Amino acid sequence: MARKKVTVVGAGFVGSTAAQRIVEKQLADVVLIDIVEGLPQGKALDMMQSAAVEGFDTHILGTNDYADTANSDVVVITAGIARKPGMSRDDLLNTNAGIVGGVVDQIVAHSPDSILIIVSNPLDVMTHLAWKRSGFASNRVFGMAGVLDSARYAYFIAEALGCSIKDVRAMVLGGHGDTMVPVPHFTTVNGVTLTELLPADTIEAINDRTRNGGAEIVKHLKTGSAYYAPSASSVAMVEAVLLGSNRLLPVCALVNGQYGIDNLYCGVPAMVGANGVERIIEVGLSQSDLAALQNSAMAVKELVGALKG
Ligand code: APR
């Protein structure tokens, strides 16, 4: 069987780390493309030279030419600028909208049957924009945020409990920003609900730290934002598509009526498989979690409105 082809747009920290994870896991051949000449070529060559040591047969090509991306199965878009200390993800809005819009045009022209996974921030708005701009069916355009936010939540929970992270299943819904919604009732340690294991004030403190998980890292790094966990989370979604595994993941997907949200991209639980978002799962949220999710969706809606202006 011919190997699958994944294009990663943006050879910066998130993009190149995602590309590395994909080739090392031998999920697909990768094309790494960036606007900066030499950057993707140099990184791809360096990664190919690690193949003998790591023992992977998959190939990575670095390029500035979209012709090389032709007929990709999956495209991960990380192009854009990252946050600096004091910036919110929303501050990136107009710069990244211009970049992501241009990238989507090129991808549609060269890979009309691809599935798009958006990573550029502000995530929910960029995903909405990519969907509109591509003209693709909404199942083929979705964004990575919930997997990352849930992974951060899981880490903080494992740390608080002193338990193996392998047993933690965490769920964070809503937009990828200050209004995201960690859901303790759908967060378990091997089936045991979080609320059985930690007192309410500890859970609330962990929820807060999760909401600020990205900003905490930006504060440390000073010159950029997180990329190890974001790239790992993106690759988990790429893997679910390539393997058709129908994983239930929190995904930035087009919500159409579920949770009282209409025609807007927002983080909800969804089945991710060969066709992208196979279906959105509507779970029974508590009144306060539902209100928080709808509030988060409103924040996304405002930004989508600001885009048009
Ligand atoms: N086409 C292709 N690549 C582009 C374009 C473009 N039009 N514009 C910028 N880029 C590239 C930059 O040259 C850079 O190599 O996107 C890359 C971004 O990399 P970094 O600056 O290292 O940023 P990174 O940390 O990878 O974050 C990328 O993901 O998590 C989000 O908020 C983050 O929006 C940001 C994105």
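Please treat every number below as a calculation from the coordinates, not as lab data. Please read these numbers as outputs of a predicted model, since none were measured by experiment. Positions of Cβ are generated from backbone atoms using ideal geometry, with glycine treated the same way; all protein chains shown enter the neighbour counts.
Just to confirm the number: angle between the C-alpha axis of helix 146-161 and the first principal axis of the chain, 0 to 90 degrees, nearest 10?
The angle comes out at about 50 degrees.
Binning at 10 Å from 0, report for the stretch 5-143 what percent of all alpha-carbon pair distances ends up in each bin.
All Cα pairs considered, the percentages come to 13, 44, 33, 10, 0.
Return the inverse of the average 1/r over all pairs of distinct C-alpha atoms in the stretch 64-189, which is the Kirkwood hydrodynamic radius, in Å to one decimal. Working shown, then result.
Working: mean 1/r = 0.0626 Å⁻¹.
For the stretch 64-189, the Kirkwood estimate is 16.0 Å.
Taking the number of other C-beta atoms within 10 Å as the exposure measure, put Val189, Val75, Val8, Val241 in order starting with the fewest. Please report the intermediate quantities before stating the final value.
Values: Val189 22, Val75 29, Val8 34, Val241 26.
Result, fewest neighbours first: Val189, Val241, Val75, Val8.
Could you list Leu254, Leu290 so that the one with the fewest beta carbons within 10 Å of its beta carbon is first and the one with the most is last?
On the way: Leu254 21, Leu290 15.
Ordered by Cβ neighbours within 10 Å, fewest first: Leu290, Leu254.
Can you tell me the 0 to 90 degree angle between the C-alpha axis of helix 13-24 and the longest principal axis of the chain, rounded to 10?
Relative to the chain, helix 13-24 is tipped by roughly 80 degrees.
Please state, rounded to one decimal and in Å, the Kirkwood hydrodynamic radius that the stretch 118-216 gives when every pair of distinct Cα atoms enters the mean of 1/r.
Values: mean 1/r = 0.0699 Å⁻¹.
Evaluated over the stretch 118-216, this radius sits at 14.3 Å.
Cα atoms only: what Rg and Dmax, in Å, come out for the stretch 146-308?
In Å, with Rg to one decimal and Dmax whole: 15.6, 47.
Starting from the amide H of Ile261, placed 1.01 Å from N in the peptide plane, find each other amide H under 5 Å away whose residue is 5 or more places distant or on another chain.
The list, which skips near neighbours in sequence, is empty: none.
Relative contact order (percent) for the chain, with alpha-carbon contacts under 8 angstrom and 6 or more residues of separation? Kindly include the intermediate steps, with their values, before the conclusion.
Details: 647 pairs, mean separation 52.7, N = 309.
Reported relative contact order: 17 percent.
Going by C-beta contacts inside 10 Å, put Thr58, Thr78, Thr95, Thr210 in order with the fewest on the left. Intermediate values should be presented prior to the final figure.
Values: Thr58 19, Thr78 30, Thr95 12, Thr210 24.
Final ranking by Cβ density, sparse to dense: Thr95, Thr58, Thr210, Thr78.
Equivalent ellipsoid semi-axes for the chain, as square roots of 5 times the alpha carbon gyration tensor eigenvalues: give them largest first, rounded to whole Å.
On the way: eigenvalues 178, 96, 71 Å².
Value: 30, 22, 19 Å, ordered largest first.
I'd like the distance between the alpha-carbon centres of the stretch 50-112 and the stretch 227-292, rounded to an integer number of Å.
21
Straight-line reach from Lys43: which lysines have Cα under 25 Å away, leaving out those fewer than 8 places along the same chain?
Within the straight-line limit of under 25 Å, Lys43 reaches these lysines: Lys4, Lys5, Lys25, Lys84, Lys222.
Can you give the helix-only mean residue ellipticity at 222 nm for the chain, where every DSSP H stretch with n ≥ 4 adds -39500 (n - 2.57) and the sum goes over all residues, rounded to the nearest 500 deg cm²/dmol?
Working: 11 runs with 134 residues, N = 309.
That comes out to -13500 deg cm²/dmol.
Looking at the chain, send over the antiparallel percent of its DSSP beta bridges, to the nearest 5. Show your work: numbers first, answer last.
Working: 21 of 41 bridges.
Restricted to the chain, the bridges split so that about 50 percent are antiparallel.
Counting only GluC sites (Glu not before Pro) that sit in a DSSP loop (anything but H, G, I, E, B) with at most 14 other Cβ atoms within 10 Å, what is the longest stretch of the chain containing none of them? Numbers along the way, then the final one.
Numbers: sites that count: Glu37, Glu282.
The segment 38-281 is the longest one with no such site.
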